[in-house]
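**Student:** Okay, handing you the structure first.
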Amino acid sequence: MSLPKPVMRGLLGKRLRFHLPIAFTLSLLAAVSFKYTVTEPRKQAYADFYKNYDAMKEFSAMREAGVFESVRPTGE
């Protein structure tokens, strides 16, 4: 009794016809899930932060704390 020869001709094409649609579907699902679980909440968090952000108030607080070398606090 001998073993049957493995089918080698067209093996890559047959495997690609099976695995390529699965790979595209999974990559599309991963991209969509990343968009809605990471990027959209991050964009909303930035929008919420900058909605009430006052740059001059933040600058004045850092100036009074002595963070900058080129700008002295108002008390000095």
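**Student:** Taking semi-axes √(5λ) of the Cα gyration tensor in Å as the quantity of interest, determine which of [x] 20, 13, 11; [y] 64, 17, 8; [z] 73, 5, 4 was computed from the displayed structure.
**Tutor:** Structure-derived value, by its label: [y].
**Student:** Calculate the spin-label point distance for residue 24 paired with residue 49, positioning each point 7 Å from the Cα along the beta-carbon direction, and give it in nanometres.
**Tutor:** 3.8
**Student:** Work through the residues other than residue 36 whose Cβ is under 13 Å from its Cβ and net out their charges, Lys, Arg +1 and Asp, Glu -1. If you can, show how the numbers build up before the last one.
**Tutor:** Working: positive: 35, 42, 43; negative: 40.
It works out to a net charge of +2.
**Student:** Net charge within 14 Å of residue 48 by Cβ-Cβ distance, Lys/Arg positive one each and Asp/Glu negative one each, not counting residue 48 itself?
**Tutor:** On the way: positive: 42, 43, 51; negative: 40.
Local net charge: +2.
**Student:** Quick one: pull the percent of accessible area on the chain belonging to carbon and sulfur, 1.4 Å probe, ligands and nucleic acids left out. Could you put the intermediate results ahead of the total?
**Tutor:** Values: 4780 of 7420 Å².
Answer for the chain is 64 percent, counting heavy atoms of protein chains only.
**Student:** Now for a separate question. Taking the Cα centre of the chain as origin and charging only Cβ (+1 Lys, Arg; -1 Asp, Glu), how large is the dipole, in debye to the nearest 20? Each step should come with its number before you reach the end.
**Tutor:** Details: 12 positive and 7 negative charges, 237 e Å.
That gives a dipole near 1140 debye.
**Student:** Just how many pairs of Lys in the chain have C-alpha atoms closer than 28 Å, counting pairs that are eight or more places apart or on different chains?
**Tutor:** Values: 5/14; 35/43; 35/51; 43/51; 43/57.
Close lysine pairs under the 28 Å cut-off: 5.
**Student:** Counting only other residues whose beta carbon sits under 13 Å from that of residue 57, what net charge do I get with K and R as +1, D and E as -1?
**Tutor:** Every neighbour counted, the sum reads -2.
**Student:** Sticking with this structure for a sec: Hey, what do the phi angles of region 55-67 turn into as Karplus ³J(HN,Hα) couplings, whole Hz, using 6.51/-1.76/1.60 and θ = phi - 60°, x for Gly and Pro?
**Tutor:** 5, 5, 5, 5, 5, 5, 5, 5, 5, 5, 7, x, 6
**Student:** Which whole-number value in Å² is the accessible area per residue of the chain, probe 1.4 Å? Don't jump to the answer; show the numbers that get you there.
**Tutor:** Values: 7420 Å² over 76 residues.
About 98 Å² of surface per residue is accessible.
The values are calculated or read from the model by the stated rules, or taken from the named source; none is laboratory data. All of these numbers come straight from a predicted model, not from anything done at the bench. Here Cβ is always computed from backbone atoms with ideal geometry, including for glycine, and neighbour counts include all displayed protein chains. Just so you know, the surface numbers come from the protein's heavy atoms only, side chains and all, with ligands and any DNA or RNA stripped out. Shrake-Rupley method; radii C 1.70, N 1.55, O 1.52, S 1.80 Å.
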